[in-house]
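Visitor: There's a structure below that I have some questions on.
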Amino acid sequence: MKDICFNYFTEYIVETPLTIAASLEKPRNVIIALVSGGAHIDYRNRKGFTAIHQAAAKGNYDGIKVSTEI
């Protein structure tokens, strides 16, 4: 995954890859892969949400759990 920026958003792209992953039904493997590839767990999207905030907003316990274990 060289030369891929996981900490990215624009004026048109509101979410980061991690905040999108935190919204998935089973986000564990995706979040781990993104962080292993260089994504910052505390990076915020344009709304100011981190992956943990996004998971909490969606009621996604697994997303919260994996985000705090990393």
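The values are calculated or read from the model by the stated rules, or taken from the named source; none is laboratory data. Treat the numbers as computed from the prediction; the structure is a model and nothing was measured. For neighbour counting, all protein chains shown are included, and Cβ atoms are generated from backbone atoms with ideal geometry for every residue, glycine included. Please note that ligands, DNA and RNA were not included when accessible areas were found on the heavy atoms of the full protein model with its side chains. Shrake-Rupley method; radii C 1.70, N 1.55, O 1.52, S 1.80 Å.
Visitor: Only one residue in Gly59, Gly38, Gly63 is part of a loop (DSSP other than H, G, I, E, B), small (Gly, Ala, Ser) and at pLDDT 90 or above, so which one is that?
Guide: Gly59
Visitor: Across the stretch 22-41, what is the total count of residues that are surrounded by 23 or more Cβ atoms within 10 Å (Cβ to Cβ) and touching a Lys or Arg at 6+ places or on another chain (Cβ under 9 Å)?
Guide: 1
Visitor: When the residues of the stretch 42-55 are filtered to those that are within 13 Å of Ile70 (Cα to Cα) and out of contact with any Leu (no Cβ under 8 Å at 6 or more places or on another chain), which remaining residue is least open to solvent (accessible area, probe 1.4 Å)?
Guide: Selected residue: Ile52.
Visitor: Restricting attention to the stretch 56-70, and to residues there that are without any contact (Cβ under 8 Å) to a residue 12 or more places away in the chain and of a type in the set (A, V, I, L, M, F, W, C), which single residue is surrounded by the fewest Cβ atoms within 10 Å (Cβ to Cβ)?
Guide: By that ranking, first place goes to Ala57.
Visitor: Please enumerate the residues belonging to the stretch 1-22 that are modelled with pLDDT of 90 or more and in a loop (DSSP other than H, G, I, E, B).
Guide: Matches in the stretch 1-22: Ala22 only.
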